[in-house]
Every structure is written in C-alpha cells, then in structure tokens.
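Before any comments, here is the structure.
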Amino acid sequence: MGGKRLKDVTGYDLIHLLVGSEGTLGIFTKITLRLLPRPAATAVLLIPFGSASEAVEAFPKVIADAGILPTSIEFMDRLSVETVYTFLKEKPPRPDIGAMLLIELDGSSRERVDEESQKIGELFLQSGALDVYVGNTPTTERKMWAPRVNLAEAFKTVCPVQSLEDIVVPTARIPELIRELERLAGKYDILIPCYGHAGDGNLHATPVKKPDTPLEDWKEKLPRILTELYGIVFRLGGTISGEHGIGSKRAAYMPIVMSPELISLQKRIKLLFDPLNILNPGKIFP
Ligand code: LAC
Ligand code: ZN
C-alpha cells in the first residue's frame with residue numbers, strides 16, 4: 001500500500017481492515033512502522049482494595065478528578081491475587097485484599113511523574129484503597145508488575161484446562177459483570193478468575209476447570225458457559241473479544257453479538273479479497 005504513510009483519508013481505511021482481519025483477507029509482505037520516543041520517566045502504582053466493586057468504582061472517579069491519563073489501568077480480582085502470589089511463592093502485600101489495581105504513568109520528567117503518582121495515590125486512598133505501593137525505578141516497577149504479568153501462567157498451574165477469554169464491557173458496567181461472573185462460577189462449579197485491562201473494560205475473565213472435575217463434564221458444559229458469558233457481555237453493552245480476536249475458538253458465537261446483516265456483509269468482504277478461501281480458512285467467518 002505504498003511507502004511512507006501519509007495523513008490519508010482517500011478511499012476506505014484498508015489498513016485497519018487488513019490489520020484486523022486475522023490473516024483472512026491478505027498477507028503483509030512489508031510493514032513500515034513509526035516509532036514513538038520512550039517516555040523520560042514512568043511509575044507503577046499497585047493499589048489493593050477490600051473488594052472488586054470498590055476497585056472498579058474508584059478508578060474512573062480518580063482518573064477524572066486527577067485529570068491524568070495513565071498508560072495502563074490493570075485489574076486483578078481476589079482469586080487472581082491469591083493464585084498469583086501462591087505461584088510467585090510470596091505473601092500478598094496484605095492479608096485482606098479483595099482486588100488490586102495497577103496503574104502505570106509516564107511523562108516528560110521524573111519530578112512530573114512523581115508529582116502525578118503522589119496525587120493519584122492520595123485520591124485512591126480517599127476513594128477506599130487499602131494502601132498504595134509505588135515503583136519508580138526499573139527494579140521496583142518490575143516488582144509492581146510481577147503479579148499482573150504472571151497471572152496467565154499462574155492459572156495454568158492451577159489447571160491447564162481452561163478457556164482464556166477476552167471480553168469487553170463499558171467500564172461503568174464492570175461491577176455488574178463481576179457479580180455475574182461470581183454467579184456463573186457458582187452455577188457451573190468452575191473458577192472464573194477475572195483480570196485484565198480495566199481501563200479499556202477489557203477483562204480476561206477466564207473459565208478454569210476445577211482440578212477434580214472430570215474432563216468430560218468440563219467439555220460438555222463449556223459451550224453453555226461461553227454462550228451464557230457472551231450473552232451477559234452483550235446485554236451489558238460489550239462484546240466477546242477486545243484484543244485476542246475470534247479465530248476458530250469464538251467463530252460459532254459471533255451471532256450472539258453481531259446481527260445477521262453485519263455478518264453477511266463481512267462474509268462478502270472476505271469473498272472479495274479471497275474468492276478461493278485460501279487465507280486462514282475457517283477463521284472468524286467459516
Ligand atoms: C494478558 C494477555 C492474556 O493481558 O492478553 O495477560
Ligand atoms: Zn490482555
């Protein structure tokens with residue numbers, strides 16, 4: 001699609017169409033990327049709360065009051081926190097954590113980022129946080145990120161049989177979503193740890209088989225669990241994948257969140273680009 005990327009709205013936005021096509025519409029043979037400079041300074045705040053609802057209700061308010069836009073707003077529920085610290089062979093920073101937020105900030109100077117992290121930290125304490133831990137050196141930042149980056153790995157050691165999910169809801173609906181996840185976990189006798197990119201409403205609420213549940217039972221109930229989960233997400237104004245995509249895993253569930261008209265339109269786009277169905281066949285719109 002040509003050399004250096006110009007500011008350009010001439011015709012359809014084919015770059016986004018192709019980038020989002022999961023390899024079903026074409027193959028890039030050359031990609032030119034624009035690089036952004038690294039921020040001069042960063043800080044990472046790890047913020048425990050007594051409950052998930054307190055955590056997810058606090059962050060939109062704090063962000064609005066502070067007038068600061070973090071680069072990451074990550075969330076971990078109680079089960080995620082307990083499991084990841086066991087995996088890391090560490091004690092959680094306190095015994096009474098019901099959920100944790102991780103906030104990453106960046107900016108043009110150390111002073112500025114430290115000022116902002118002080119301000120955000122104070123606002124979180126006023127909004128019900130149990131404490132605020134700050135990392136502002138490479139070593140302490142890594143320490144703050146450790147629970148979040150090890151989560152997926154930690155749950156694989158609990159039980160490798162699971163369905164890593166990638167749902168999205170408007171951030172204001174996260175508290176309702178969390179209540180629904182707790183209900184589903186009880187109803188189907190499974191674990192549903194919930195962690196992810198709360199700032200985007202994109203949560204990896206992942207059904208995990210309990211270690212003593214027979215595999216046959218799990219296989220039989222998983223489609224019902226996903227159908228119900230995706231239905232909840234749709235009812236809350238969200239959708240079934242925020243960053244991982246549809247692939248073959250979620251293809252059968254597209255009608256839960258997308259109208260027949262929109263599905264048929266996209267199938268026709270696929271046919272135009274790939275009339276012989278040779279590009280990643282079977283994915284998204286089989
Ligand atoms: C993460 C991956 C699963 O956020 O997307 O940890
Ligand atoms: Zn993710």
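The values are calculated or read from the model by the stated rules, or taken from the named source; none is laboratory data. Computed from a predicted structure; not experimentally measured. Cβ placement follows ideal geometry from the backbone for every residue including glycine, while neighbour counts extend to all protein chains displayed. Surface areas here come from the heavy atoms of the whole protein model, side chains and all, with no ligands, DNA or RNA. Shrake-Rupley method; radii C 1.70, N 1.55, O 1.52, S 1.80 Å.
Of the residues making up region 193-247, just one is of a type in the set (A, V, I, L, M, F, W, C), within 16 Å of ligand 2 (Cβ to nearest atom) and open to solvent by 10 Å² or more (accessible area, probe 1.4 Å), namely ILE246.
Listed conditions (1) within 16 Å of ligand 1 (Cβ to nearest atom); (2) more than 24 Å from SER248 (Cβ to Cβ); (3) buried (at least 18 other Cβ atoms within 10 Å of the Cβ); (4) not β-branched (Val, Ile, Thr) are all met by PHE155, apart from (2). A count restricted to region 238-252 and to residues that are within 11 Å of the chain's Cα centre (by Cα), among the polar types (S, T, N, Q) and either closer than 13 Å to SER21 by Cα or part of a loop (DSSP other than H, G, I, E, B) (or both) stands at 0. Whether any residue in region 173-186 is open to solvent by less than 20 Å² (accessible area, probe 1.4 Å), farther than 24 Å from VAL84 by Cα and either modelled with pLDDT under 95 or within 16 Å of ligand 2 (Cβ to nearest atom) (or both) is what I want to check. No, region 173-186 contains no residue that is open to solvent by less than 20 Å² (accessible area, probe 1.4 Å), farther than 24 Å from VAL84 by Cα and either modelled with pLDDT under 95 or within 16 Å of ligand 2 (Cβ to nearest atom) (or both). Do we find that ILE190 is in contact with a strand residue (DSSP E or B) (Cβ under 7 Å, 6 or more places away or on another chain) and at pLDDT below 95 in this structure? Judged against the criteria, ILE190 is not a match. If you check GLN118, GLN162 for being open to solvent by 80 Å² or more (accessible area, probe 1.4 Å) and either over 16 Å from the mean Cα position of the chain (by Cα) or free of Cβ contacts under 8 Å to residues at least 24 places away in the same chain (or both), only one passes: GLN118. Selection of region 242-286 for residues being among the hydrophobic types (A, V, I, L, M, F, W, C) and within 16 Å of ligand 1 (Cβ to nearest atom) yields only ILE246.
Within region 93-115, the set of residues being open to solvent by 10 Å² or more (accessible area, probe 1.4 Å) and either part of a helix (DSSP H, G or I) or free of Cβ contacts under 8 Å to residues at least 40 places away in the same chain (or both) comprises PRO95, ARG110, GLU111, ARG112, ASP114, GLU115. Only a single item in (1) open to solvent by 60 Å² or more (accessible area, probe 1.4 Å); (2) not in a loop (DSSP other than H, G, I, E, B) is not met by THR10, and it is number (2). Each residue in region 129-172 was checked for being β-branched (Val, Ile, Thr), within 16 Å of ligand 2 (Cβ to nearest atom) and modelled with pLDDT of 95 or more, and 4 of them qualify.
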